[in-house]
Structures are given as C-alpha cells and as structure tokens.
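Reviewing the structure listed below.
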Amino acid sequence: MSSSENDFGFDPDASHDTAAILYRMARVGRATVLHLGSSADAVSRALVALDDMKITRLVADLSVLDAEATNGPEVFVADLEAEGWYAALDGRTYEVVIVADLLEHLRNPARILRDLREQRLLADDGRLIVSFANVAHQAVASELLSGDSARIRWYTAGSMNRLLAASGYLVTETHRTHRPTGEQTTTSADDEAQTYEFVLQAQPSAAGTQLALLYRHLDDATQRLAEAETSRNQISALLEEERVAFQDEIGRGADELEQMQDQLNRVTDERSALRHKTARLHRQLARLQDELSVAKTAIRQLEIIHQSRSYRWSRRLANAAQLVVTPIRSVRQRARGGR
C-alpha cells in the first residue's frame, strides 16, 4: 500500500478503482476543477495535496466532508435540486467538472447537466467526468430490488450516454471497474454484466444534440420493432391455432369419409346380393311358367277328350288322365319346394 493510499484511502495507480480513475482523469493538464456532490471526497483532497490543483467543491451538507482535512478544496454549500443552485459560484468557469455518484440521486439530473453547459460553469472545450453504478451488474440490480438504496435513478452505459447526449455532451472516454459475479473470476474488457461502475468523460458538443436525436430515432425504431415482433408472434400464434383447428377438421372429415365409404361398401354388397337373389327368383319363375304352360296344354287336351263321349271309357282317356295328373302333381310339388 502506497503512502497516497494511506492518506487518501485509494491507490492513485490502481487500474480498477473508481477513485483512482477519477483522480488520473481530473489531473490531466492541472486544470481548474469543480467537484459537485459529496462523493469521492478523497479525489479532491488528493488533487490538491499531490498536484497542487485549484479545486472547488459544491455540496449540500458540509458534515459529509472530512472535517480534519487541512489545505483542502474551496467549498460552497448549495442545494443542487434548487433553481439557480450555481449562484454561489459567481459566474466562474471551470476546465473540468467532476460529477461522481451524483446523478443517480437527483430528481432532475438533465437540468444540472444543461446548467453546467448553458451557464458556462464548464468551459466550451472543458471536460465533464461522470461516475455511476451500473445497474446491469448483479450486485447493483440486487440493491435496486431490495428497495433500500438511496438512489432514485439507475443507469447502464447506454442510458447514461443517452442522458449526456440529450443534455448536449458527447462521450469521449469510457472506463470501467470490474467486480466478477457468481463463480466468474475473470472478465473481458467490455463485459458490461461484470462492470460494477463506469467512469465517462464527455465534452460539450453540438453533435451531442444530434446524437440525442439519433438516439431518439433509434429508441423509436427499437420500440416499433418490438411492437412488430409482438404482432408477429401474435399472428404466428393465431396461424398455429388455425392450422391445428384445420388439421383437426381434416381428421374429422377423413373419419366421416371412411364411415361413408364403409356404408357405401355395405350397400354395394347388399345390392349385389339382392341382384343374385332376383336372378334366382327369375329363373324359378321361368321354370314355373314353363310347367304352367305344359299343365295348360294338358288341361286343354283333357277337356277335348272329356267332350268326346265315345272315348270316355277308352284306353285313350285313361292315358289322357294320366297325362294331366302327372304334370299337376309335379307343379304342386315344385310349388311347395319353392316356398
């Protein structure tokens, strides 16, 4: 641990420490610095002590500062939520403004950012340095869900970039401090889920307004895309329902068709059987008609013989009687057999 870390609670050379990153970014060019809010108090004290820089602090409550610090920054007290909060600074302009862990606690952070630019508290070519906790990190998200946090706003790198662009700034540098989550012990340089805090550097820029407009267009397009995706999913679900219903209808139609085919087959079989039976009856009828014709002929012959008295008791009559009786018996027997 270096002497600086003993004095200020952080190592100015640490690569993954928010205070160290803020310190190294602010000390570039040994510029005049305005530090808003009470967070990162050690950074201002280190800039004064180690770099002999002129630092101005603006806080809402003096009690949050290190009361034992000597030869520290110049301090003003003001409510950053109030209109005209910058009046105490008496029109000064600074080359660097530090906003460390502050925007998450303000009801209207965009107004503070605009005031810095519009009131020329930050020089036109000055640098705005912003640090904030990343809500995409598991630990910060858990803090949000617990409801115990003093923060009232939550940011990711993307949402903070949008806020700065909408307020007239263009981000020029992005730094991260990592804190692995779960069992993961290594991180990639741009792994947002493992980034616990971001430190951004931005500059006043007309391009920021244009970028903000592009962000709005992007957000609108993203929303429309999400709505279109939702509609597509709904339409796909409806089509799937229709497909299933149609498939069921086809299945029922196939079953009904199969039943009708079975009925048709039965009717065809019955019709074929009826044809065979009708043909048999026709054949039987034809035979009966033939036998009836023979019987009629015999009867006529018998009547002729009967009318002839001279042959009544002749042998011829006896033969004729035999001719009549035999066919009639045959007809009767066949008739009984066909019943």
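The values are calculated or read from the model by the stated rules, or taken from the named source; none is laboratory data. Since the model is a prediction, treat every value here as computed from it, not as a measurement. So basically every Cβ, Gly included, is an ideal-geometry build from the backbone, and we count neighbours across all protein chains shown.
What to note about this one:
- Residue 104 vs. criteria free of Cβ contacts under 8 Å to residues at least 12 places away in the same chain and closer than 22 Å to residue 22 by Cβ: no
- A residue that is in a strand (DSSP E or B), at pLDDT 95 or above and among the charged types (D, E, K, R) occurs nowhere in the range 106-125.
- Boolean, residue 88 is loosely packed, with under 13 Cβ neighbours inside 10 Å, of a type in the set (A, V, I, L, M) and at pLDDT below 95: yes
- Residues located in the range 35-56, provided they are in a loop (DSSP other than H, G, I, E, B) and within 16 Å of residue 130 (Cα to Cα): 37, 38, 39, 40
- For residue 122, the requirement of being in contact with a Pro (Cβ under 9 Å, 6 or more places away or on another chain) and among the aliphatic types (A, V, I, L, M) is met.
- Residue in the range 258-274 that is farther than 30 Å from residue 330 by Cα and either surrounded by 11 or more Cβ atoms within 10 Å (Cβ to Cβ) or basic (Lys, Arg) (or both) present: yes
- Residue count, the range 4-34 (criterion: of a type in the set (Gly, Ala, Ser), outside any helix (DSSP H, G or I) and either at pLDDT 95 or above or touching an Asp or Glu at 6+ places or on another chain (Cβ under 6 Å) (or both)): 1
- Residue in the range 164-177 that is touching a helix residue (DSSP H, G or I) at 6+ places or on another chain (Cβ under 7 Å) and farther than 30 Å from residue 53 by Cα present: yes
- Output for the range 7-41, where each listed residue is of a type in the set (Gly, Ala, Ser), without any contact (Cβ under 8 Å) to a residue 40 or more places away in the chain and either in contact with a Lys or Arg (Cβ under 7 Å, 6 or more places away or on another chain) or crowded, with 20+ Cβ neighbours inside 10 Å (or both): 19, 20
- Contact annotation: residue pairs with Cβ atoms under 6 Å, 6 or more positions apart or on different chains, pairing a residue in the range 140-166 that is within 14 Å of residue 104 (Cβ to Cβ) with a partner that is in a helix (DSSP H, G or I) and charged (D, E, K, R), are 149/143; 151/104; 153/104.
- Any hit, the range 125-144, residues being of a type in the set (Asp, Glu) and farther than 18 Å from residue 193 by Cα: yes
- Criterion (part of a helix (DSSP H, G or I) and within 30 Å of residue 326 (Cβ to Cβ)) met by exactly one of 270, 256, 291: 291
- Flag if residue 192 is among the charged types (D, E, K, R), surrounded by fewer than 19 Cβ atoms within 10 Å (Cβ to Cβ) and within 33 Å of the chain's Cα centre (by Cα): yes
- Residue, farthest from the chain's Cα centre (by Cα), within the range 126-152, restricted to residues that are surrounded by fewer than 21 Cβ atoms within 10 Å (Cβ to Cβ), polar (S, T, N, Q) and outside any loop (DSSP other than H, G, I, E, B): 146
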